Amino acid sequence: MREFLLNLRMALARDDQCHLVDRDKNLRALLELEMLRTEIPDVLRKLAVEDYCQGPLPDDQGKSKERGRTGPGTTTSPATPIGA
C-alpha cells in the first residue's frame, strides 16, 4: 500500500488532478460524501496506510488496475473505494 500511495502522490504532483470514471457508484459516492470532483486530489493526498482496511483489490471492471478501500475514521466515509 505504501508503494501505491507514493505512486498516487507522484501522479498528483505531475497533474494535480485525477480521473473519476463516470460510474453510477462513483457519482453516488460523491453525492453521499457531499464532495466535488475538484476536492478528490486533496483527499487522496491526505490518505495514509493506516486509512486502508482492505486492498489492494482487483478492479471490479476486469481491468488490470488495483484499488484500495478506506475504513472508518479516515478522511473519506467508511469503506469508500479508492482507485475505483
Within a 10 angstrom radius of the beta carbon, how do 12, 36 rank from fewest other beta carbons to most?
36, 12
Quick one: which residues, 5 or more positions from residue 53 or on another chain, have an amide H under 5 Å from its amide H? H modelled 1.01 Å from N in the peptide plane, none for Pro or chain starts.
69, 70, 71
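Hand me the GluC sites (Glu not before Pro) from the stretch 19-53 located in a DSSP loop with no more than 16 other Cβ atoms within 10 Å, in residue order please.
34
Every number in this text was worked out from the coordinates using simple rules, so none of it is lab data. All figures in this text were calculated on a predicted structure; none of them were measured in a lab. Ideal geometry is used to build each Cβ from the backbone, glycine not excepted, and the neighbour counts take in all protein chains shown.
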